[in-house]
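Read the structure below first, then the notes.
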Amino acid sequence: MDGNLFQESIPSSMSSLRGLQDLDLSHNNFSGFIPIYLETFRSLQNLNLSFNHLEGEVPTDGVFRNLSAISVIGNNKLCGGIPELHLPTCKTQKSKEDGRPHVFKIIVILCGCGGSLCLIFGTLFFIIYWRRKEKKESTLFLIESRHLKISYAQLLKATDGFSFENLVGVGGFGSVYKGVLNNSDTTVAVKVVNIKQRGASKSFMAECESLRNIRHRNLVRILTSCSSIDFEGNDFKALVYEFMPGGNLERWLHPHANGIQDEQRHLNLVQRLNIAIDVATALDYLHHRCHTQIIHCDLKPSNILLDDDLIAHLGDLGISKILSKATRRSQNHTSSIGIKGSIGYIAPEYGAGVDDSTHGDVYSYEILLLEMFVGKRPTHEMFKDYFNLHCWVEMAMHDGVMAVVDPSLVSMEKYEKEAASININILLKYRFQRQ
């Protein structure tokens, strides 16, 4: 649970987890004392509490006896513990009063308390002012301050000079390369921003802003970022993500159109349903579970990546829009800004100037569902003028849903085919109510 935004004290409810062997709470904002129950966990072998705001005495029993098993660095108010930690001795306050305080001492204490209160209020004012100032600083600094810093030279080496053999995708604002970081033997995906492309730098900052405070199992995980110059003195910006070996959903749904001849590259009905659920879960998190609401604005198969277990991860937040509570209250109904998204997946109301909203993401998700189960892109040449993917499926519903189902699903055994017909029929008849 490291690297989150957990606050306040470490919860006492964790005292029941006596079977823990490894516990990592580092790089959070925990405060207060180290729970005494942790030293009673006999199975606990590794405990990392570093870089929090913990204070008070460090226990000396259980896992705290072994220096190699614990880490408490970055907590400047800790004291005591085993000698090997080299922490300051805890100060104990011993009362030397005899119960008969003098009037003079009472006056001194009151004056001291008043001065302390003034100091506290002054400190709070300074902290609030400084935090507001920090919000105006570069988003990139916020990204890099919490992640591994990496140089242009390291990324150049990791991707074999950004070679064509390591190129895994090309987008509107840059290219994505597969790479291996030598210092950790970690396979990564490096998104190199095309600085010369108009709006690319803005897209880079938008993606940093969106990714810096979010984490979810169905979102592509960012590892670090790089903003530097290359060996020719040109600006260089890149984002480093966890590599998804399954590739994107586009290559699974349309393998032959993408030049892939692997017959094993096929998604059955259950796998497609699971991917649809994964994407819906990621959208629900962005729309309703984040501290600030995020609109993806470009939901399509090429932006959905799969891991070894075919678990879907939503990526590419380069044109996403962040809505704070204040922004949502004052949001205009129309916008003069250019339409965001990809042709075929953009909500129709965006063409009339309606501002970006979660309803637009829901529309794109509906088109995505249709494409996943009928096997046709919304940009297919058969769709012209007012005849689109949605109309085609709706017309086919009267003749039986199996007439429009992806042929690769129709080739299943008979009993599987019947089950697929029932499930897909229910799915395609479902209408999203975008109020």
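The values are calculated or read from the model by the stated rules, or taken from the named source; none is laboratory data. Worth saying up front: this structure is predicted, and the values here are computed from it rather than measured. As a convention, Cβ positions derive from the backbone with ideal geometry for all residues, glycine included, and neighbour counts pool all protein chains shown.
Listed conditions (1) more than 27 Å from Asn28 (Cβ to Cβ); (2) assigned to a strand (DSSP E or B) are all met by Val188, apart from (1).
Looking at this structure, is Val362 outside the structural domain of Ala238 (by TED's automatic domain parsing), modelled with pLDDT of 85 or more and closer than 24 Å to Gly246 by Cβ? Taking the combined requirement at face value, the residue does not satisfy it. Pairing each residue of region 30-53 that is in contact (Cβ under 8 Å) with a residue 24 or more places away in the chain with any residue that is assigned to a strand (DSSP E or B) and among the hydroxyl-bearing types (Ser, Thr, Tyr), provided the two are 6+ apart or on different chains, yields C-beta distances under 8 Å for Leu47/Ser71; Asn48/Ser71; Leu49/Ser71; Ser50/Ser71; Asn52/Ser31; His53/Ser31.
Do we find that Ile214 is under 19 Å from the mean Cα position of the chain (by Cα) and in a loop (DSSP other than H, G, I, E, B) in this structure? Yes.
Those strands (runs of 3 or more DSSP E) of region 219-304 in which 1 or more residues are in the same structural domain as Gly169 (by TED's automatic domain parsing) and surrounded by fewer than 20 Cβ atoms within 10 Å (Cβ to Cβ) occupy 222-229, 235-242. Taken over region 18-44, residues that are in a loop (DSSP other than H, G, I, E, B), out of contact with any Leu (no Cβ under 7 Å at 6 or more places or on another chain) and surrounded by fewer than 13 Cβ atoms within 10 Å (Cβ to Cβ) amount to 3. Among the residues making up region 338-384, those that are outside any helix (DSSP H, G or I), touching a residue at least 60 places away in the same chain (Cβ under 8 Å) and among the charged types (D, E, K, R) are Asp356, Arg377. If you go through region 138-170 and pick out every residue that is at pLDDT 75 or above and either in contact with a Lys or Arg (Cβ under 6 Å, 6 or more places away or on another chain) or over 29 Å from Asn4 (Cβ atoms) (or both), you end up with 16. Would you confirm whether any residue within region 124-133 is surrounded by 10 or more Cβ atoms within 10 Å (Cβ to Cβ), among the β-branched types (Val, Ile, Thr), modelled with pLDDT of 75 or more and under 30 Å from Arg251 (Cα atoms)? Scanning region 124-133 turns up no residue that is surrounded by 10 or more Cβ atoms within 10 Å (Cβ to Cβ), among the β-branched types (Val, Ile, Thr), modelled with pLDDT of 75 or more and under 30 Å from Arg251 (Cα atoms).
Screening region 305-353 for residues that are at pLDDT below 60 and hydrophobic (A, V, I, L, M, F, W, C) and picking the one that is surrounded by the most Cβ atoms within 10 Å (Cβ to Cβ) gives Ile337.
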